[in-house]
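Notes follow the structure.
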Amino acid sequence: MNSTVATPAKPAAATRPGSPVVINEDANHELAIRVEDLNLWYGEKQALKNINIDVFQKNVTALIGPSGCGKSTFLRCLNRMNDLIRSVRIEGLVEMDGRDVNARNMDEVALRRRVGMVFQKPNPFPKSIYDNIAYAPTMHDLVSRRADKDDLVESALRDAGLWEEVKDILDQPGTSLSGGQQQRLCIARAIAVKPDVILMDEPTSALDPISTATIEDLMDKLKTQFSIVTVTHNMQQAARVADYTAFFHMGELVEYNDTKTMFSNPNTKKAEDYITGRYG
Amino acid sequence: MSHSFDDISAQLKGRHRRTKRLKFMSMGALALAATFLVVFIGDMVMRGYPAFQQAELHVPVTYSEQSQEIPLAAVEEDVRDLVSRGWLRQLPRDMAADASLMGQTIDRWVIADDQVDQYLKGHKSHLKPKQTAVLDRMIENGTAELKFNINFFTTGDSKLPEYAGIWSAAMGTILTLLVTLAFAFPVGVLTAVYLEEFAPDNRFTQAIEININNLAAVPSILFGLLGLAIFINFFGMPRSSPLVGGLTLGLMTLPVIIITTRSALRSVPDTIRQAAFGVGCSRWQVVRDHVLPLSLPGILTGSIIGLAQAMGETAPLIIVGMVAFIPDAPTAITQAATVLPAQIFTWAGEPEQAYVERTAAGILVLLSVLILLNAAAVMLRKKFERRW
């Protein structure tokens, strides 16, 4: 099989194509999601080519690359958001918890319950701050009593670092918050259903630098509980928050590496050129 | 070399002139439309206002056994032709209902004949000189007067103009629109939800879409034929009934509701759908909890406008037999009924001035209800509108 990943430097750790070239010894190495030979087409156009990647639990994995390289498309494969696009065709394996997420017997609703998502533009529901958080857990029957809901709303907002700012205005619409607060509300909404993985699709691209820094700190805290996969245009952000970084180019995974190595001593010429700003 | 301000201003003059010309033209168009509206409504009010008044006569009424047999005997001879025949005909029934009236003579206000009514309103009448002399005397001593015409709002159609009212047509309209709403709203909204949120984009759904759009442009009388063929001939529903009329108008309203609902659904930003899918909503939950509440104002507005359209419709109802003489207000959707525009149409065909008045008054009532419906649409939109 035409693997897009270079030969593993540490055979013991990286026995499969798709494992990062360099393994960070201190990190958790249990697999959250395993992707094997993933191909995706939008109609006739192939957007992802033979992607192999291991996503580790309780780490931040950043996906970088120039616009149109397929990183957002790949992210949406992980919770089957691409199902919503009609012309999409997917081949290959995306495995989570021993199950193929694209299998016929996999319910995409169950999958999304375990793989939450935060979008590029903050998109709180046009409901109160409280209901934004409580809606999904109530729907999934995680809570039903009012007191449990209150506790859950508080803990989700605390985890998202928003509690102190909104605890007195829980009945106000979520859309009345500032952009950065809205994005943290969306993160709180995602973590309220206690997913295993949180996908973030350029979560800070619509935010100012201060809100961005807040979200980055938040990602650092959240990775103790969740596996985070984030797409970013901002390479400094990847360098700051990610444990592992995957570099996509023209629908291919060019390099998947320990972040430190990726930014100091990348294995591939393409990654090096992109990171040093020669294109992209 | 750059241009001076004067050069630029010289060139700008023409452009500003064109702007001004366009502004005046659009203002002229608005003024023209407003004039037509004012003239139309003014004319209707002028013609229709008299119908809200009815001549009544203050006469002694004798309740006796003779007048129970021959109601004409209840009033004195010189006013017999001036009092409404409809009122006299009702006298025995009044006496049967209230036995204490027997043997009494009561001075009371009695509804006058339509010719008296026209005479009092200063219109041409067919009264004989002898009758007008009596009437003039009564007007002078205050026993003949124009009073508020309560009958217009409480009775149905009648062959006696002074008893012809809007009530049965109004009831018919209400029942018909209820049927229309009960049929077209759920079917239309669900169709739109399916097409917009569930249906795959293929030849079949595209064909359905084109057909729905075309359906909205089909002449309404054809829906009447469809209603006749399906509901009356095939299903054997009673003709002239609000059930058939409502379903027929429902077929006509369906495309309007589908189209407006679809555009309301489409105006809900996709980010909301993604957010809902992202937290693990099923498609139905996305629609029920997020998309429908957000598009509700648009759906309601569209439906009310569709209903208002149906309310003003006459042509398809001719075919299912709802343009007819219906004196009694229907109480069930299977009884014979007529509707407001059909009542107006019927009255418009009558030669008597009293019916001409009622035609205009009926138009005023219909317009008021339409304005109320549209105001309701605006208020609902305001109430449910949410920002995101």
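Ignoring ligands and nucleic acids, what accessible area does B:F36 show with a 1.4 Å probe (Å², nearest 10)?
My reading of the accessible area for B:F36 is about 140 Å².
Just report the Cα centroid separation between the range B:142-188 and the range A:81-107, whole Å.
62
Determine the principal axes of the Cα atoms in the range B:140-274, then give the extent along each, sorted from largest to smallest and rounded to whole angstroms.
80, 41, 22
Sorted by average packing, counted as other Cβ atoms within 10 angstrom per residue and highest first, what order do A:35-43, B:307-315 take?
Top of the packing list down: B:307-315, A:35-43.
Starting from the Cα of A:D150, step 7 Å along the direction of its Cβ; do the same at A:T224; then give the gap between the two resulting points in nm.
With each label point 7 Å from Cα toward Cβ, the separation is 2.7 nm.
If you stretched the chain out fully between B:S282 and B:M102, how much longer would it get, using 0.36 nm times the residue separation minus the C-alpha to C-alpha distance?
57.3 nm
How would you order B:241-248, A:253-260 from highest to lowest mean count of nearby Cβ atoms within 10 Å? Spell out each step's value before the answer.
Details: B:241-248: 28.8, A:253-260: 23.5.
Answer by packing, highest mean first, reads B:241-248, A:253-260.
Once fully extended, how much extra length lies between B:N233 and B:L12, figured as 0.36 nm per residue of separation less the alpha-carbon to alpha-carbon distance? Don't skip to the end; give the middle numbers.
Details: separation 221, 0.36 × 221 = 79.56 nm, distance 6.96 nm.
Extra length available between B:N233 and B:L12 comes to 72.6 nm.
List the DSSP H helices in chain B whose Cα atoms stretch 15 Å or more along the helix axis and whose mean Kyte-Doolittle hydropathy is at least -0.5. Present the calculation step by step, with values, prior to reporting the outcome.
Details: long enough: B:5-48 (62 Å, 0.28); B:85-97 (19 Å, -0.79); B:129-140 (16 Å, -0.42); B:167-193 (38 Å, 1.85); B:203-215 (18 Å, -0.06); B:242-266 (34 Å, 1.26); B:292-311 (27 Å, 1.39); B:353-384 (47 Å, 1.17).
The answer, listed by residue number, is B:5-48, B:129-140, B:167-193, B:203-215, B:242-266, B:292-311, B:353-384.
For an R0 of 41 angstrom, estimate the FRET efficiency from the Cβ-Cβ distance between B:S368 and A:R86 and round to the nearest 0.05. Don't jump to the answer; show the numbers that get you there.
Numbers: r = 48 Å, r/R0 = 1.18.
Calculated transfer efficiency: 0.25.
Find how many whole Å separate the alpha carbon centroid of the range B:1-58 from the alpha carbon centroid of the range A:139-174.
Each part's Cα centre sits 55 Å from the other's.
Which one of B:V287, A:N59, A:H140 has its Cα pushed farthest toward the positive end of the charge dipole of the protein assembly as shown, where Lys and Arg give +1 and Asp and Glu give -1 at the Cβ?
Of B:V287, A:N59, A:H140, it is A:N59.
Using only the alpha carbons of the range A:121-237, determine the length spanned along each of the three principal axes and report them from longest to shortest in whole angstroms.
In descending order, the Cα extents are 44, 29, 21 Å.
Listed highest first by mean packing, meaning other Cβ atoms within 10 Å per residue, what order do A:236-248, A:91-103, B:268-280 come in? Walk me through the intermediate numbers first.
Numbers: A:236-248: 23.3, A:91-103: 15.5, B:268-280: 20.5.
Those peptides, ordered most packed to least, come out A:236-248, B:268-280, A:91-103.
Under 18 Å from the 7 Å Cα→Cβ point of B:D270, by amide nitrogen: which residues of the range A:120-155?
Residues A:120-124 qualify, since their backbone N sits under 18 Å from the label point.
Compute the Rg to Rh ratio over the protein assembly as shown from the alpha carbon atoms, using the Kirkwood formula for Rh, and round to two decimal places.
Numbers: Rg = 38.3 Å, Rh = 31.8 Å.
That ratio is 1.21, to two decimals.
Could you tally the net charge around B:Y194, taking each other residue with its Cβ under 15 Å from the Cβ of B:Y194, Lys/Arg +1 and Asp/Glu -1?
Around B:Y194, the charge tally is 0.
Compute the FRET efficiency between A:T276 and A:Q57 as 1/(1 + (r/R0)^6), taking r as their Cβ-Cβ distance and R0 = 35 Å, and round to the nearest 0.05.
Details: r = 31 Å, r/R0 = 0.89.
My answer for the efficiency is 0.65.
Could you check which residue among B:I210, B:I344, B:I230 shows the biggest mean-square fluctuation in a GNM of chain B with a 10 Å Cα cutoff?
B:I210
Treating each Cα of chain A as an identical point scatterer and ignoring solvent, apply the Debye formula and state log10 I(q)/I(0) at q = 0.08 Å⁻¹.
-0.33
Would you work out which of B:L160, B:L12, B:A192 lies farthest towards the positive end of the dipole of chain B? Charges go on Cβ: Lys and Arg +1, Asp and Glu -1.
So the residue we want is B:L12.
Which whole number gives the average, over all residues in B:279-287, of C-beta atoms from other chains lying within 10 Å of the residue C-beta? Intermediate results must be reported in sequence, preceding the final value.
On the way: counts 18, 17, 7, 5, 3, 0, 4, 0, 0.
Average neighbour count from other chains, rounded to a whole number: 6.
Could you tell me which helices of chain A pass both thresholds, a Cα extent of 15 Å or more along their own axis and a mean Kyte-Doolittle hydropathy of at least 0.0, with helices taken as whole DSSP H runs? Let's see the in-between values first.
Working: long enough: A:129-139 (16 Å, 0.24); A:146-159 (20 Å, -1.13); A:179-191 (18 Å, -0.11); A:209-222 (19 Å, 0.15).
The answer, listed by residue number, is A:129-139, A:209-222.
With each pseudo-label sitting 7 Å past Cα toward Cβ, what's the B:R93-B:R381 distance in nm, one decimal?
Result for the modelled spin labels: 4.6 nm.
When only the heavy atoms of the protein chains count and the probe is 1.4 Å, how do B:S9, B:S295 rank by accessible area, highest first?
Details: B:S9 60, B:S295 5 Å².
Greatest to least solvent exposure: B:S9, B:S295.
Search the structure for amide H atoms under 5 Å from the amide H of A:V118, placed 1.01 Å from N in the peptide plane, and list their residues when 5 or more places away or on another chain.
For A:V118, the qualifying residues are A:L199, A:M200, A:D201.
Could you tally the net charge around A:N28, taking each other residue with its Cβ under 13 Å from the Cβ of A:N28, Lys/Arg +1 and Asp/Glu -1? Could you put the intermediate results ahead of the total?
Values: positive: A:K58, A:K223; negative: A:E25, A:D26, A:E30, A:D54, A:D196, A:D243.
Charge balance near A:N28 sits at -4.
Counting heavy atoms of the protein chains only and a 1.4 Å probe, report the per residue accessible area for the range B:167-384 as a whole number of Å².
Details: 9270 Å² over 218 residues.
Per-residue value: 43 Å².
Which of the residue pairs A:K49/A:K269; B:K128/B:K159; A:K221/A:K270 have a Cα-Cα distance greater than 29 Å in the structure shown? Walk me through the numbers on the way to the answer.
Working: A:K49/A:K269 19 Å; B:K128/B:K159 22 Å; A:K221/A:K270 32 Å.
Result: A:K221/A:K270 exceed 29 Å.
Could you give each residue of the range A:30-42 its phi-based ³J(HN,Hα) in whole Hz, using Karplus coefficients 6.51, -1.76, 1.60 with θ = phi - 60°, and x for Gly or Pro?
7, 6, 8, 9, 10, 10, 10, 6, 7, 10, 9, 10, 9
Taking H placed 1.01 Å from N in the peptide plane, check which residues at least 5 places from B:V61 or on another chain put their amide H under 5 Å from its amide H.
Here the answer is B:I106, B:D107, B:R108, since their amide H atoms fall under 5 Å of that of B:V61.
How much length is gained if the chain between B:I210 and B:F24 is pulled fully straight, taking 0.36 nm per residue apart and subtracting their Cα-Cα distance, in nm to one decimal?
Values: separation 186, 0.36 × 186 = 66.96 nm, distance 3.93 nm.
Extra length from B:I210 to B:F24 when fully extended: 63.0 nm.
What residue among B:G362, B:G14, B:G172 has the largest mean-square fluctuation in a Gaussian network model of chain B, using Cα springs under 10 Å?
Comparing B:G362, B:G14, B:G172 in the GNM, the peak value goes to B:G14.
Got a sec? Which residues of the range A:129-166 lose 10 Å² or more of accessible surface with every protein chain in place, vs. that chain alone, 1.4 Å probe?
Those are A:Y135, A:A136, A:M139, A:H140, which lose 10 Å² or more relative to the chain on its own.
Pull up the cross-link candidates among the lysines for A:K45, meaning alpha carbon to alpha carbon under 16 Å and not fewer than 8 places away within one chain.
By straight Cα distance, A:K45 reaches A:K71.
The values are calculated or read from the model by the stated rules, or taken from the named source; none is laboratory data. Values in this document were obtained by computation on a predicted structure and should not be read as measured data. Please note: Cβ atoms are built from the backbone with ideal geometry, for glycine as well, and neighbour counts cover all protein chains shown. For the accessible areas, the whole protein counts, side chains as well, though only heavy atoms, and no ligand, DNA or RNA atoms are used. Shrake-Rupley method; radii C 1.70, N 1.55, O 1.52, S 1.80 Å.
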